[in-house]
Every structure is written in structure tokens, then in C-alpha cells.
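Enquirer: Input: one structure, supplied below.
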Amino acid sequence: MNLDLLRPEICMALTALAAVGADLLFKRKAIVTAVCLAGIAAATGLTFSIMGNAPQIIANRLFSLDDYAIFFKFLFLGLAFIVIVASVDYVNRMKDFHGEFHALLITATLGAMLTASATDIISILLSVELTAISFYALVGFLKNGKTAESSIKYVLLGAINSAVLLYGFSMLFGFTGSTVLSGMERATAAIPSGGAAGGAGLLFGLMLVIAGFGFKIAAVPFHMWAPDVYEGAPTPVTLYLSTASKIAGFAVLTRILVTPFMQPVALARNWGIILAGIAALTMTTGNLLAIPQVNIKRLLSYSSIAQSGYMLVAVAALGMSSSNFLQARSSLLYFILAFAFAELAVFTAIVVMSRNKPADLISDYAGLARRSPLLGVAMTLGLLSLMGLPPLAGFMGKFYVFTQAAQHGLLWLVIIAVVNSVVSAYYYLRIIKTIWTDEPASEEPVSSSLGPRFALAFACLGIAVLGVAPAIITRFSEFGSHMFMP
Amino acid sequence: MTAGLNNYLVLSAVLFSIGLYGALSRKNAVVVLMCVEIMLNAANLSLVAFSRFVTPVALSGQTVAIFSITAAAAEVAVGLAVVIALYRQRGTVDVNDINLLKW
């Protein structure tokens, strides 16, 4: 069974319980935060202790421990740490539910970590649900009409989505005769490359699975929930939703597609082309709909949809790459890392701004650079990185992804993506202009405690390092891409 | 004459479509959740049927179905809690009235 390889996850589960317990026992709510941060730090240490080995199977092929899983475990733990640190001021707005908020954040992280290493329909389903259910509760955390509304939209659409996902999985199971990804791979390898036997059924199942995860990653046409949920949810939850939930979706989608459905080549080409079409739609819709927005969270949700489109370009390239997929996958991992840092920088600034009262309109950020240089610089760096300006992380990510796509015969998609990047510059630069040149409504400086400042500095550092010295990180994302086991 | 795999698959496809139609067309949030249950059970049915006919020895499909029933129960528990929270805020569970957020 070697369940001991799930040490980090077990540690996170205990942390979630400890957070609720600490909330009951102690009056000082800072203790809950400290317990969570300590738990995450311990889980990170435990992840270090299990890394570096050859790929291993856990619990009779329910999970596997490979470098790909470890890459995502570190990423999710880091994200959870930064989100908790960034929202130490914000959580005072919900002081009655301090423990629950943190416990749910931890369980969402736990679900995401399990998702990244799940290799069986059962474990994929349960870990995806664990993340989703934690988020359903988190999205509705502030008691006002808006969050209740975004929460119900998320729950209803999410429930429909999990039914679609399950139906897709049942098709994959039926046409391969196995619930384990490695068993599916064996079945697809046995299909003669010219024959259509099982091909149509498999493609149907894959379409449903892509639709299911397309919802998680907010790909068009399954993106309708994202703007409403991002706008209504508490801002730290929006931050976590736009990073962890989306990245977990990409992690598991990529693991399902690569390598079990890389053969026969015709099948891989088919889903590659389908994903390329979805990517083109997603980028274009996201960028065009972001332009008229006046609410910053809504604008960023459309921007985040567009970023999903760029990530899908990399996944589509995986499908077209046949057996030579390692480079394409490490380009995806690199882009994800760059995206996570940029989202952290931008959303942490919004969390700080809305710690006392909502600051959702772009006009609330007028003259921000004068009121708080740190917030202004961090937000600018984040937005420029999302836009893909050369010395920053986002540029390297896009460069890496687009090169891979062009190499694998998706030049038309790269052209669409580059045109989209240009369009996106318009709305990103509009926010930056507001931050630096507009007159602030009040000259009052924005105060923030040490936590958010640390988060902002960390995110800025990440954006700069990833952009200026990508070699350090490419090694990390290539590490995540090697030694991959279904 | 006994029912074959095709019969079960057609039944499950029909159930899934009914559920999807209901989930997209119904106004009451609770009814939408019920329609989602139909969709989930359609998927469970196809899992169990595939398991019976494709891998009669291993019970893998049945196992997935049992786990998915558990997950669906958890999902509906949270879903109903959210519906109650919404009712307290707005006094309605009609999804057509949930329109504060739109672009």
C-alpha cells in the first residue's frame, strides 16, 4: 500500500482538523492562522522528504508519486501559504468563521494536491470533488446577497459539471475496460493505429471529460460561471480559485490525456485539434469581454479565462506532439508557474485594498502608486507579466508555449494567440494608467500588515526571477515533466 | 430475451439527457439539484452496465459507482446549504431571480 508516501496529504488533513480545533479552543484568532501556516510548512517539509525517488505507485494504483505530482504539490502548498498570509487583514471581515475559512482553504489545497497525483477514476473523482466542495462553501463566505448568488451559481453549475465528468469517465471505462490510467494506456496501445474500433467511443468520452475539466479551468464555452463567481466571492477566495482550482484542473486533465490517450495517433490528433479550437475560442472571448469591464475582479476573471486559453495552447500542442511530449509539457508547467505568480501579485493587492470595504471598481485604484508604492509596483508587475512584456515571467511563459505549439504544427493557433496578446495589452495598460496617472480620491496611504507585504514581495520576486533567469525554473518545470508515470 | 449492454447504455443516455434538460430548464434551485441527481445516476448506471458486460470479473465499475454516490451526497449536502443561505438572503430560490451579477 505504501500510504506513507501520502505524508504531505495526511499532514494537511490533520492541519484542517487542527484549525477547527484551535478556533474552538482559543480566543485569539491569530493562533488559527499560525496553526495553518505551521501545518503547510510541515507538509512542505514532508514533500521534500519524499521527492527525488523513482516514480512510485501508492495504494494499489489509486495515486502515483512522480516528479510531476511533486511539482504540483509544492505549487499548491506555496499558493495556500501565500493566500493565507495575504489575507490576514481581510479575514477580520469574517471573524465569526475564522476557523472554518482556514480549514476549508486547507481541504481545498489537500484536494488539489491529491488531484495532481491521482491516477484512477475513483481517486480523480474524489479529489476533484474535495476541492470543488471546499470552494462551494468558501465562495459563499461573506454574508451578503452577492456572495450567496455567486455561490449558488457555482454549486449548481459545478454539480452539473461533475455529472458530465462522471459520464465521460464511465465512457472511458467502458471502452478501455479499466478504471486505472495505466490500464487505459494498455488498452489504447492495443488499438490498431488505422482502425476506428473504440475510437469514436473513446473520443466521445474524452470530449465529456474535456468539457468537465473545461469547466474547472474556465475554458469557453464552459466559462459562464467564472466572472460571476470571481466577482461575488471574497477576494482571497477569488485569488485561490483563479490559481489553485484552475491549476489543479490543468494538472489532472494533462495527466489523463498524456500518456493514456497519446495512442493511436489519430485519437491524439483529434483531441489535440479539439483543444486547439477551444483554446482559440477561450483566448478570443476572454480578451474581448475583458475590454468593457469596469469591475476589476470581473475584468481579471475574463483575463484569467484568456490565460486559460494560452495554457490550452500548450495542452493542444501535447496532443499534436505524438510521442515527443516532454518539452511541450514543461512549457505548460512553466506557464502555469508564471501565471500563478502574476495572479498572486495582482490579487494580493486587491485583497489589501478591499480589507475593510469592497474596492471592486477600477476607479478605486486611481493613483494607487502614490498612496502605496508597493501595491502599485506589485500590481503593475503582475499585470505586465499577464500581458507578456519581455523581461517578465509571463513573456517567457508565452514564448515557451508558443514555440512548442509552432513546432507541433499549430502555427495558426500561435498567430491567434499573439494577436490576442496584443488585444489584451489594451485593458491591462488601462489599469496601469489608472494606477499611475489618475488622481486618487483620497491621499490617505494604504496601510497593510507584514503578511500581505511579504506576499507581494514574494510574488514580485517570482515574476522577476522567472523572467530574468528562466534557467533556474526551467530546470524545476522540466523536473516536473520528467519521470512521468500513469 | 435478456437486456444487453446496448439497452442499458441507451437507457443511461436517455436518463442523462432528461436530467440535463431539466437542470438547464427548471427554475427552482432544488429541482435543478434533483435533475443533477438524475444525471449522476445515469452515469452510475452506465458505469455499472459497462462493468457487468466488459469486465465481469473485476468489480471496478461498481466500486466507482459507490464512491460517486458518496461524493454526490456530499455535493448535494453543500448545495442545499447554499440554497438555504440564498433563501435567507433573498427570500427566493428561483434561479431566474438570481441576477445581481451580470456583465
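Coordinate-derived values only; no laboratory data. Everything quoted here is computed from the prediction, not taken from an experiment. Using ideal geometry, Cβ is built from the backbone for each residue, glycine included, and neighbour counts are taken over all protein chains shown.
Enquirer: Determine the equivalent ellipsoid of segment A:244-371 by diagonalising the alpha-carbon gyration tensor, then write out the semi-axes as square roots of 5 times the eigenvalues, largest first, rounded to whole Å.
Expert: Calculated on Cα positions only, the semi-axes equal 35, 15, 10 Å.
Enquirer: Report Rg/Rh for segment A:3-480, rounded to two decimals, where Rg is the Cα radius of gyration and Rh the Kirkwood radius.
Expert: 0.96
Enquirer: Positive end of the charge dipole of segment A:176-303 (Lys, Arg +1 and Asp, Glu -1 on Cβ, about the Cα centre): tell me which of A:Asn270, A:Ile191, A:Leu289 has its Cα farthest that way.
Expert: Ranked along the dipole, the leading option is A:Ile191.
Enquirer: Right, something else. Looking at A:Leu14, A:Val139, A:Leu110, which one has the Cα that reaches farthest to the positive end of the dipole of chain A (charges on Cβ: Lys, Arg +1; Asp, Glu -1)?
Expert: With unit charges placed on the Cβ atoms, the residue in question is A:Val139.
Enquirer: Something else now. Based on the alpha-carbon gyration tensor of segment A:153-212 and its eigenvalue square roots a ≥ b ≥ c, which shape applies: rounded if a/c is under 1.5, prolate if not and a/b is larger than b/c, or oblate?
Expert: prolate
Enquirer: For chain B, find the longest principal axis of its Cα atoms and tell me its angle to the long axis of helix B:5-25, 0 to 90°, nearest 10.
Expert: Helix B:5-25 sits roughly 0 degrees off the main axis of chain B.
Enquirer: For B:Asn28, list long-range residues whose amide hydrogen, built 1.01 Å from N in the peptide plane, is under 5 Å from its own amide hydrogen.
Expert: Amide H neighbours of B:Asn28: B:Val95.
Enquirer: Going through segment B:26-103, which trypsin sites (Lys or Arg not before Pro) have at most 10 other Cβ atoms within 10 Å and a DSSP loop state? Please report the intermediate quantities before stating the final value.
Expert: Numbers: sites: B:Arg26, B:Lys27, B:Arg52, B:Arg88, B:Arg90, B:Lys102; in loops: B:Arg26, B:Lys27, B:Lys102.
Answer by residue number: B:Lys102.
Enquirer: Next question, about the same structure. State, as an integer percentage, the relative contact order of segment A:3-480 based on alpha-carbon contacts under 8 Å between residues 6 or more apart.
Expert: After rounding, I find 15 percent.
Enquirer: For peptide A:145-151, compute the average count of partner chain beta-carbon atoms within 10 Å of each residue's beta-carbon.
Expert: The shielding value for this peptide is 6.
Enquirer: Across chain A, where is the longest run that never hits trypsin sites (Lys or Arg not before Pro) in a DSSP loop with at most 15 other C-beta atoms within 10 Å?
Expert: A:144-486
Enquirer: For B:54-66, what's the mean count of beta carbons from other chains sitting within 10 Å of each residue's beta carbon?
Expert: What the average comes to for B:54-66 is 4.
Enquirer: Within 10 Å of each Cβ of B:29-41, how many other protein chain Cβ atoms are there on average?
Expert: Shielding by partners across B:29-41 averages 4.
Enquirer: Report the charge-dipole magnitude of the protein assembly as shown in Debye, nearest 20, computed about the Cα centre from +1 at each Lys and Arg Cβ and -1 at each Asp and Glu Cβ.
Expert: 320
Enquirer: How many nm separate the modelled label positions at B:Val31 and A:Trp436, each set 7 Å beyond the Cα in the direction of the Cβ?
Expert: Inter-label distance under the simple model: 5.5 nm.
Enquirer: Follow-up question, since we're still on this one. Kindly provide the Kirkwood hydrodynamic radius of chain B in Å, to one decimal, from all pairs of distinct alpha carbon atoms.
Expert: Values: mean 1/r = 0.0648 Å⁻¹.
So the Kirkwood estimate lands at 15.4 Å.
Enquirer: On to the next question. Based on DSSP H assignment, which helices of chain A show an axial Cα extent of at least 15 Å together with a mean Kyte-Doolittle hydropathy greater than or equal to 1.6?
Expert: A:30-50, A:67-86, A:121-139, A:199-216, A:326-353, A:373-387, A:450-468
Enquirer: Find out how many positive minus negative residues lie around A:Met311, taking Lys and Arg as positive, Asp and Glu as negative, among other residues whose Cβ is under 15 Å from that of A:Met311.
Expert: Surrounding charge for A:Met311 is +4.
Enquirer: Then there's this: Restricting things to alpha carbons, find the Rg to Rh ratio for segment A:70-109 using the Kirkwood radius for Rh.
Expert: The Rg/Rh ratio comes out at 1.04.
Enquirer: For segment A:95-140 and segment A:291-318, what is the separation of their C-alpha centers, rounded to whole Å?
Expert: First find each Cα centre; the distance between them is then 23 Å.
Enquirer: Per residue of chain B, what 222 nm ellipticity follows from adding -39500 (n - 2.57) for every DSSP H run with n ≥ 4, rounded to the nearest 500? Before the final figure, lay out each step's value.
Expert: Numbers: 3 runs with 78 residues, N = 103.
Result for chain B: -27000 deg cm²/dmol, rounded to the nearest 500.
Enquirer: Please report the spacing between the Cα centers of segment B:48-103 and segment A:388-433 in Å, no decimals.
Expert: Taking the Cα centre of segment A:388-433 as reference, the centre of segment B:48-103 is 37 Å away.
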